[in-house]
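Notes follow the structure.
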Amino acid sequence: MTTLNPEALLTQLNWRYATKKFDAARKIAPELWSALEKTLILTPSSFGLQPWKFVVVTDAAVKRQLVPVSWGQTQPADCSHHVVFAVRKALAEKDVDDFIQSIVVTRGVAKESLTRYRDVMAGFAGKAAKEGWLREWAIRQVYIALGNFMTSAAVLGVDTCPMEGIEPADYDRILGLAGTEFETVVACAAGYRASDDKHATLPKVRFAASEVIQHI
C-alpha cells in the first residue's frame with residue numbers, strides 16, 4: 001500500500017484555502033474528477049447508511065443560475081465542478097432495508113444473519129425521528145462527506161471552497177430536488193484558483209495546538 005508521507009500531507013493542507021476566485025478557463029481533468037467522485041462514495045457514515053446525495057453541476061447555464069442564490073458569490077459559475085451536498089429528509093425502514101440488501105449483495109452474506117443489525121438501525125432511526133433529531137444526525141453525516149471531499153481535493157492539488165452562504169430552497173428548485181426525498185444542505189466549488197486571488201497568499205489563522213488539543 002502506498003501512503004502519503006506526513007510532510008506532504010501537511011504541505012497540501014497548508015496549501016489549500018477557501019478559494020474566493022476561480023480560474024474559469026481551467027477544468028478538472030476527467031480522470032482526476034472520477035477519483036474525487038469516488039472519495040464522496042467512499043465517505044464513512046454512521047451505521048454506513050449514507051443519508052445523502054451529491055449533485056455535481058458542470059452545466060454553465062445552471063451554474064450561472066446558482067450565483068444569485070449563493071449570496072452573489074461567483075464561485076459556482078467560475079469553478080470547474082460545483083458539488084451540492086443534499087441530505088435525505090427522512091430515513092424510513094425501507095431505506096434501512098435497501099442498505100441491508102446492499103450488504104447482502106456486496107458481501108455475499110445471508111440476509112437472515114443481518115436481522116439484528118437491521119433492527120438496531122431501524123430502532124435508531126425510529127427513535128431519532130420520534131424525538132426530532134433524525135435530520136440533524138443526517139446533516140452531520142453530510143458534513144463528514146464535505147470534509148472528506150475537501151481534504152481529498154487538496155491532496156490531489158484541486159482547490160475548493162465550501163459554501164454555506166446559499167439559499168437551499170432555491171438550490172432545490174434550480175436543481176430539481178424540490179419535491180424529492182432530498183434537500184440541499186451545503187455546496188462546495190472545486191477547480192483551480194485564479195492567479196490574482198489575493199486570498200491564496202494570506203497566512204492561515206489558527207489557534208495554537210495548546211489551545212485546541214488536549215492530551216490525556
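The values are calculated or read from the model by the stated rules, or taken from the named source; none is laboratory data. These figures come from a predicted structure and were not determined experimentally. Note: ideal-geometry Cβ built from the backbone for every residue, glycine included; neighbour counts use all protein chains shown.
Taking residues in segment 108-124 that are in contact (Cβ under 8 Å) with a residue 40 or more places away in the chain, and partners anywhere that are assigned to a helix (DSSP H, G or I), the pairs with Cβ atoms closer than 6 Å and at least 6 places apart or on different chains are 121/47; 121/96.
Considering only residues in segment 108-144 that are assigned to a helix (DSSP H, G or I) and of a type in the set (Val, Ile, Thr), the one that is farthest from residue 26 (Cα to Cα) turns out to be 115. Search segment 17-53 for residues being assigned to a helix (DSSP H, G or I) and among the acidic types (Asp, Glu), and hand back the single one that is farthest from residue 136 (Cα to Cα). The residue in question is 31. Name the residue that is surrounded by the most Cβ atoms within 10 Å (Cβ to Cβ), counting only residues in segment 99-138 that are aromatic (Phe, Trp, Tyr) and closer than 16 Å to residue 89 by Cβ. Checked segment 99-138; the qualifying residue surrounded by the most Cβ atoms within 10 Å (Cβ to Cβ) is 137.
Each residue in segment 145-194 was checked for being more than 18 Å from residue 24 (Cβ to Cβ), in a strand (DSSP E or B) and acidic (Asp, Glu), and 1 pass.
Could you list all residues from segment 157-175 that are surrounded by fewer than 16 Cβ atoms within 10 Å (Cβ to Cβ) and closer than 19 Å to residue 37 by Cβ? Let's see the steps before the verdict.
Our first condition is that a residue be surrounded by fewer than 16 Cβ atoms within 10 Å (Cβ to Cβ); within segment 157-175, this holds for 157, 164-165, 167, 169, 173.
Matches in segment 157-175: 157 only.
Could you identify the single residue in 91, 4, 49 that is farther than 21 Å from residue 165 by Cβ, crowded, with 16+ Cβ neighbours inside 10 Å, modelled with pLDDT under 95 and out of contact with any Ser or Thr (no Cβ under 6 Å at 6 or more places or on another chain)? Write out each step before concluding.
Working: 4 fails: crowded, with 16+ Cβ neighbours inside 10 Å; 49 fails: modelled with pLDDT under 95.
Going through 91, 4, 49 in turn, the sole match is 91.
Restricting attention to segment 54-88, which residues are small (Gly, Ala, Ser) and outside any loop (DSSP other than H, G, I, E, B)? Lay out the reasoning, then the answer.
Step one: filter segment 54-88 for residues small (Gly, Ala, Ser), giving 60-61, 70, 72, 77, 80, 86.
Passing the criteria: 60, 61, 70, 77, 86.
Within the bounds of segment 66-77, is there any residue that is farther than 30 Å from residue 196 by Cβ, in contact (Cβ under 8 Å) with a residue 40 or more places away in the chain and surrounded by fewer than 13 Cβ atoms within 10 Å (Cβ to Cβ)? Scanning segment 66-77 turns up no residue that is farther than 30 Å from residue 196 by Cβ, in contact (Cβ under 8 Å) with a residue 40 or more places away in the chain and surrounded by fewer than 13 Cβ atoms within 10 Å (Cβ to Cβ).
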